[in-house]
Every structure is written in C-alpha cells, then in structure tokens.
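FYI, it's all coordinate maths here, none of it is from the lab. On a predicted model such as this, the values are computed, not experimentally measured, just so you know. For neighbour counting, all protein chains shown are included, and Cβ atoms are generated from backbone atoms with ideal geometry for every residue, glycine included.
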Amino acid sequence: MKLINLGKFGMSKHKNDRMDFLSAVEPFVDFELQASRRMFIDKVIVARCRDELIERLSNSNFQDQINNLIEIISEMKAEMHYLKAAYLEKVRYSEPDFNIAIPKPPETIHPDAIDIDMRGDITGVNWWHTEPTGRWAGPENQSSIQFPALGQGKYRIEISVVSEIDDGIVDDMPVKLNGSVLMLKRSKNGFPCELVGEVDVPPTYRLPFWSLKFEFGKLKTPRENGLPDDRRLAIMLDRIRLIRVVV
Amino acid sequence: MSAGHSVTFFLYDQEGVISNSNAINAMREFWSEFVIIPHKKFKRKKTNGRYWGIDDWFNEDIESAIKFLALQNNYDAVICEYVFLSKALTLFDKHVIKILNCHDRMSNRADLLQRNGLLPDFFYTTPDQEKNALDRADLILAIQGDEKCFFQSITKKCVVELGHPFDVDIIQLNSGQTGVLRVGYLGSANSLNIKSLEVFLTGLWNRRDLKEKVKLVVAGNICKVIDDPNIKCLGFVEDERNFFNEIDLFINPMIDGTGLKIKTLSALRHGFPFIATAPASIGLPTSTPEHTCKSVENLIDYLEEIVCNPQERLPELRNASLICLEAYKRRIDQQINGLLRLLSTRSIAHLRRKRVLLVTDIPFWEPGVGSHSRIFSLYKALQTEFDCQVFFYGSIWPDRLEEIENSGLKDIIISYKNYESCAINVSFHADEVASARAKWAYHEIFGKSLAQFLGEQDRYDAVIFEYLWLAYLRSAIPYKTISILDTHDLMAPREYRCAIQGLRTRFSISLMDEVAILEKFDVIIAIQNEEASWMERLLPSKIVLCCPHGVEVENETLPGRLKLSRRNKHFRIGFVGGGSNENAEAIRWFLREIWPVVRQLNIELHIYGNVCEKLRDQSLDSDVTLHGLLASLDVAYAHCDAIINPIMHGGGLKIKSVEAIAHGKPLIASPEGAVGIENAETSGIIIARSRGEFINAVLRLASNPNECDLMSHQAISAAKKQFSLSASFSPLVALLGSL
C-alpha cells in the first residue's frame, strides 16, 4: 500500500491503514445521507403505489376501473380530512390558565399567652449571651424584646428578674409596652423577684408585633466590684410572660 | 452638678473675665474645679479662603493646658462649647464621651449676614469645615430643631436638640393705665440686633397714629447706639425684672438669624406677652400668629391691633406665652434628662438614631425594574429615620461611583471588595440549607467580607438581607442583632405556579427548606398580605411584616402627563418588564393573540425594560416599539395612555402594576398581574381573564377617554392609600424604632 502523507496524521503501514484513512478524511467530506435516504424512500413509495394501482386497474373493465378510481379518490379525500382535522386541533387557540389555584392561607390565630424564656433564642437588642440562670441586659442603657402580636385586650404581665448589677436599677427602671409605660409592682424586696402588672392593648394598635422596652439609669461592670468581668451590665432576666385576662 | 457629677470648668478667657475678681471667685465657688487660661492675643489668620478654618481660633496654649488636665483627671465625659474649639475633643482618650455644644450653626453664617446688608462678624465657616468639627464628637447638641436637622444632614454622628434651660419666674402683668402701650426691647449691640431695631423703628415711625400710642423702652448694650429722645433707654440692667416691670408688651423684630433667640426666651420665662417675627421664635413650640410674624411690617400690624384693644389682647397674649412656656419647659426637662442619663450610664443608645445595614447584590440605584425600585424605596423609607448603609456585593468603578453620588448615596454604598483582601482568613460557616439551595449565589468570600466589615464597624441595630438567596450570609453577623429577611416573593409557591405552566425558575426550593431558612431570621418581610398570612402560619414564633412596594405617588388630580400623552392621535399602551421568562412569555402571548386584533385601530404598543432583549429576534409591526432599559421609568409612564400586565404566573406583588397605578395610569392586568393590590377593580385596574376580555379592555379604553380619566383618579387614590412610601414601610420603620 502506498503511504499517504497527511501532515501530522502520517500513517504507518503497520497499522489499520483503511480505518485511519477514513477517520482522517471524514471531517472533510459532506455525506448527505439523510437527503439521499429520503429521496430513495420517496421513490420506493411512489413506485409501490403506482404498482398497486396498475395491478388494481389493469385486469378490470372500464366501469370497474372508474369505480376503483372513485374509491381510491374517496379514500384519499377521507385521509386528507383526518390530517386537516388533526392539524387544526393542534393549532387551535386555548386560553392560558390565568387563575392558577393556590390554597388560600388560613386565618391568623393570635395566642392568648406568650412565654419568653430569656435563656433561649430571643428577638431583641442589647442583651448579652445567655447563661444558665438568665440573660443580662447591656452594654447600652436600653434593652428591648420584640415578639409577634397577641390579640387586643387586657393582659397580665410577669417579668422574672434574677438580679441587678447595682442597687436601685430595677426600682428606677421604666418598662414600656408598645411605647406606653407600664405600672409594675415588685413582688418582694431582694432577688430574684417578679415585676407584675396589667396592660390593656386597644384595638387601635394594629402592628404585627409587640415591643417591650427596659430603660436603665445605671450600668456597671463586675470589675468595678472587683470581679474579672468587663461587661457593662444592668439587670438579669429569667423570663417574661403575658397572659390574657379573662374578664 | 445637681445630679451629683463632679465638673471641671475650663475657661479660655477670650472675653477678659480674668480682670474681674468677683466673677472669678463666683466661678471658683460654683464649679467642682475651675481652670482659667488667659487668652493669648495674636492675629488670627483665615486658612479657608474668605471663611474661617475650623481650627483657626484654636491656639496652642489651650492644647497643652487640656492635655495636662486630661492626664490629671480620669474624665468620663467632656463637653466642648462651640465648634471652633472642637479640636479639644481630639485630646481625650477614646473611652471619654465627647459632647459638642454648638450654640449656633456656623456654616454659611457669613452669607446670612451679608444677605441682610451686614458685615460678617464672630465665627463663620463652610459646611465641610463644620462637619470636621462635628465628626470629632460622640454627641452633638443643637440648640433648636432646624439646626439639629442641618447638623444631621452633614454628619453621621448622633445629634440631639438641647434648648436653653432656664428657671421659670412668672411676672405679674402691669396695669397698663398710662394711656400709652409700653413696648420693650432687650438686646446687645450686635449688628443683627441693631439692623432689626432700625427696620422696626422705620416701620413704626411711618405710622403716625401708632407712634403716639406707643412708648418704646429699650434695655441692654444696644442702648449705646440709640440716639432718640422718644425712646426710653435703661442701659444694662442687673435684674431683668426691672426691665419687664417697665413694659406692657415685649417685642423681638429679628429680621433673620440662626440659633435660639435668648431675648425671646427671657420674655417666655417670665410668662410675659410678646410679639415676634418667625426667626425670633425659631425653636419655640408655638404656632401663635403673633409669635411667628412673617415680617417686621406684619409684627407692626399686630402691634396696631393690640394698641387698639389692650385690655383684651394682652391677657390673650399672656395666655399664649404661658402655653408656650409649659410646652418648652416640658421639652427642655426631657432633653436634660436624656443628657443626664447619658452621663450616668455613659451610653448614648437612648439618644442616637438606630443603625441599619442593608445587604444586597443588586445595584438598585442603577436603571432597572422591579427589585431595583423596591430596594431603593426601602432605602428611602429607612434613611429618613435611621442611619442606613448598604453593603453591596459588586465592584464600584468610576462611572458607577458617579451614579452613586448622583443618586445621593455617597458614603452609603460600601462595596464588599473593600474588605475582600483582609477577610481571607476570617472564619465563616454558612447555614447549610441556605447555601445548598442557592449554590449559584453562594460565595464564601461574601460571608467573610461581611464578617470583616461588621467586625470593624460600630454595632448595627438591624441587618436586612435582600432576597432569599443571600440568606446564608446571616451567619456572618458576629453579634446579637435583629436579622431581617426581605423576601420579595415566597419562592416555593412561585416555583409551583411556574411548574404548572411548564416553566423553570432560577431558584428551586421546597417549602420545607424555605421555611427552615426563614426560621433563622428574627423578622421576615412579605411583599403582600396573602404571603404574610402564609408566613405567619408557617412561622408562628417569628415577626412577619407586610411591606408592599412603596412608591412616590403622582400628585396631580388629573396627571398632566396623561393629558400630554393624549395629544398624540394614537392611543398608546405600554408594557414594562425585566428580562424574566415570565415577562417574555406574557408579552409574547399578547403580541400573538391580542395585538393582531387591536392593532386595526390607531393603537401603539411600547415595550420597556430588559424584556425587549428577548423580543429582538421577533418580527414586529411598525406600531410596536422596543425601548429597552430606560434611565427612569417616569418617561415611559408619561409616554403611555394605559399600561398592560398580562403576566400569567409568578408570585409576590407585581411592582410594575403598582408603579403604573402610582403614575395614574389605567392598568389592564391578568388576575396574577393584580395580585397584592386590594380592591383592584376600583383601583384603576381592569382585570382581564381571557383573550376576549383583554381585547375588550384595550378597545374600551382606546375609545373612552373619560373612563381613562376616572380610572386614573382611582389609581392615584388607591396607590396613595396602599403603596405610598410611608404606608408601605411603616411596620418596618415602627419595628426598628421600637428596638
């Protein structure tokens, strides 16, 4: 076999020369096999139909030939009718679905009580990390807690205070619910103690959250009392509870 | 001092008090510690063109004295009087709270004086220089509300109002039986006082009848420049009461000025009847017309009225003074309490504006639709009440910086690129579900750079993340603060709606995973009521706020733009859309099914936004125009008579629909296109549920301008009620305010 030099695709006679040659040449040759195949099949079908018709018509008399032709034409018309109907069905306009049904949300339910564990995950600002006994407020002079709104009405509020960093912070501390100062009574002197009061939230309050704010007149670090802790603290809370008062 | 604090009073003696031993002794007795440094006379030089540089009045001798004092005492706080001594604040340690008491606004003070024909005196500077002074303080005291607003506009530092405190000393009204009304004025001999009195006297002497019924009594150093036998001059009075006992009515005809007018306060603290121009009453809680005269002439008109009927008018004015006094006193008490609380706790949390950070990867100040305008509206709503900054995931190049500055966002937008290089070794562990569901949006360096940035800044009270795909960045917050996710849409239901139509969404997530991500945040923002209700049920322990898209609503009753667009003989309908598949699908359907019918009339279709890019390869009629993305959509809305929104699926709220009605444009929308708009049928919207209804609606509006007008009115009124900036974001503003 003659060696063909195709640049870097040089071939050795020790290899399968024919396959290598085809694989090298193929990308440069336009094999239009599909078109040739279609043309061939068309020719075969046309030839077959012609042969069938010749066979049906050749051995009959003139009247039979006419009848046969009428039948053939009728079959063709029926076939065209079905094809047309199928095509029209395919392109017929249909309205887009403008009203995709999504289930409606159920009514929002406002609970009658809420219990906020200050050792847990809370929503609010100016609180130190949680501790086993509660959570300290600081380092700034006001702390707040926000929670989803309860329904309107009268509530009893209980705030469990574990401790304060300096005397008098709790007693001089305004506590506001939704911006209004609460009248709270201290359950006992010393700590732990509870601050208890009642609050009436009117129907005019429409926001989807309630906010409890504590304002401090003093802040202190434990280091000022000789302890190795530089956090600026105010009070430590254990939990806050609001319960609807049944009238 | 009455609150128990020990105060060192450091006096740089510019007024030569040192020669008055009585005054020195009195101060030494009053203050816990009193230090006086004689004023070293030397010729001051302006270093800022024709204005004073902020430190031009600060001499080296003050610096060494203060440094010595700061070393000797462990001060908790330092209060500096006047901005031109503010350099003193820089001489104290960072643990000392630095308070700057401004007295007056010094920026543009020279212009104010020149405007009134006076030569600038005392200290006057530029806003840039004054800002340098303010930035040295932790807390800035402005003497009245207008100046507080001005200072807030040039500094990010905490500014509070602290008026002039005084002891109330009510003086009984004089009997007024002399036959003439005794009108008093009290003032020093500064140029503005002299000019104001001149203007008043010129006006008064021009009214002959009035001149005879009024006796003018003047006290203070201004007497030195008065040479008029008709005026009774008392000169400097030791006790103000002696002056007020001589008069029936006090006047302050100040023609202009800044700060708070102490002489008006003198009348107020005695509960004395007074009439004053508006500049003379700046900072007082009064709306009494006699206290806020529009001009000196107007003040003289009132004087004429009072002269005619003093028996009735003087007690009325006395009553107005007492009401104003009560309100002023209450306000001052509150302000003083706030300051004392700061000193006792060394915390300014109760005084400062809340700090809010917005985290986004969308350059919302650039032209765009939907999310761009949503975030910009949110920013605008926040910045009026809070110190708001934006941490932006994108680069900033010169052109972009120019756009940022033009949008008023200079120093507000912070690129993560500024923190990228130093954040490489910062530890960041993203929430697994959030990062797994948005792999295409997850970049570890995003989290690291945010952590680095937050670590370097003062604490933010709240951090708002834009869109669910940035939710994984929540883990970058290094301290306890309020984390808020602005969802724009609930993604799982959105995917469901699209899937029914055989469309894929960019963000694929199950409802369970979406809830798991939302659960990590303190607060979730929904864009419309229905989604808010779902979130409340799915996340009962979380705060869910419904904040629809906020827009600035057209103010005209019948928008001029509507009239303008109608001058054209063609009826113009518009479609605005971003480049999403949903938008492309919707407008293609309209072009295929509706347009061939309605184009027979004189109708033009104008398409705006990135959706145009998806239509470029389509052959379109000459009456269909693709405008692409515009710098401002106002132009688009002004150009059209009606807007269409044939969107078939999606979720959330369709911002383009909200903007259309806010611009007073009748809207033809599919049911999905009007989702989230309450009472759509009476909000300037025609809901079309089929091809036939869309065709009918277009033809109806094209042939019925009166109906367009009616719908335009309805649209504006609905937009104002449901989507004005204040209404839309009020729950969020209230929540941040409650922190």
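A few notes on this one:
- The phi-based Karplus calculation (6.51 cos²θ - 1.76 cosθ + 1.60; θ = phi - 60°) puts the 3J(HN,Hα) values of the stretch B:512-522 at 4, 5, 5, 5, 4, 6, 4, 4, 6, 8, 6 Hz, whole numbers, x for Gly and Pro.
- Sites A:Asp117 and B:Ser6 - FRET efficiency at Förster radius 56 Å, r taken between beta-carbons, to 0.05: 0.85
- Paramagnetic reach from A:Leu53 in the stretch A:75-94 [backbone N under 16 Å; point 7 Å along Cα→Cβ]: A:75-80
- Spatial separation of Cα centroids for the stretch A:131-183 and the stretch B:456-473, in angstrom: 26
- Span from the the stretch B:208-261 Cα centroid across to the the stretch B:517-553 one, whole angstrom: 62
- Whole-Hz Karplus values for the stretch B:63-72 come out as 4, 5, 5, 5, 4, 5, 4, 4, 6, 6 Hz, taken residue by residue from phi with 6.51 cos²θ - 1.76 cosθ + 1.60 and θ = phi - 60°; glycine and proline positions read x.
- In order along the stretch B:76-93, the phi-based Karplus estimate (6.51 cos²θ - 1.76 cosθ + 1.60, θ = phi - 60°) of 3J(HN,Hα) comes to 8, 8, 10, 10, 10, 8, 6, 5, 6, 9, 5, 4, 4, 5, 6, 8, 10, 4 Hz; Gly and Pro are listed as x.
- Global form of chain A, assessed from the alpha-carbon gyration tensor, a/c cut-off 1.5: oblate
- DSSP finds beta bridges in the stretch B:40-161, and of those with both partners inside it, around 5 percent are antiparallel.
- Note on B:Asp239 and B:Leu340: their simple-model spin labels are 2.8 nm apart, each label 7 Å out from Cα toward Cβ.
- Mean residue ellipticity, 222 nm, helices only, chain B: the sum of -39500 (n - 2.57) across DSSP H runs of n ≥ 4, divided by residue count and rounded to 500, is -11500 deg cm²/dmol.
- GNM result for chain A, Cα springs below 10 Å: residue of A:Asp200, A:Asp64, A:Asp115 fluctuating most strongly: A:Asp64
- Two-site FRET efficiency, B:Asn190 against B:Ile231, from Cβ-Cβ distance with R₀ of 22 Å, rounded to 0.05: 0.75
- Candidates A:Glu75, A:Glu107, A:Glu140, ranked by Gaussian network fluctuation over chain A, Cα under 10 Å, top entry: A:Glu75
- Screening chain A for whole DSSP H helices with an alpha carbon extent of at least 18 angstrom along the helix axis and a mean Kyte-Doolittle hydropathy of at least -1.0 yields A:33-58, A:62-91.
- Spin-label zone in the stretch B:25-62 - amide nitrogen under 11 Å from a point set 7 Å from the Cα of B:Glu15 along the C-beta vector: none
- Tensor-based shape of the stretch B:181-319 (alpha-carbon gyration tensor, a/c under 1.5 rounded, otherwise prolate or oblate): rounded
- Computed label-point distance, nm, for sites B:Asn706 and B:Asp256 using a 7 Å Cα→Cβ extension: 5.5
- Label-point gap, in nm, between B:Tyr75 and B:Arg504 - each point 7 angstrom along Cα→Cβ: 6.7
- Degrees separating the helix B:529-538 axis from the principal Cα axis of chain B, which is the longest one: 90
- Between B:Ile323 and B:Asp111, the contour length at 0.36 nm per residue exceeds the Cα-Cα span by 72.8 nm.
- Our note on the geometry: Cα centres of the stretch B:91-142 and the stretch B:311-389, 21 Å apart.
- With a Förster radius of 25 Å applied to the C-beta separation of B:Arg588 and B:Tyr496, the computed FRET efficiency comes to 0.65.
- Shape of the protein assembly as shown, Cα gyration tensor, a/c cut at 1.5: prolate
- GNM result for chain A, Cα springs below 10 Å: residue of A:His110, A:His81, A:His129 fluctuating most strongly: A:His81
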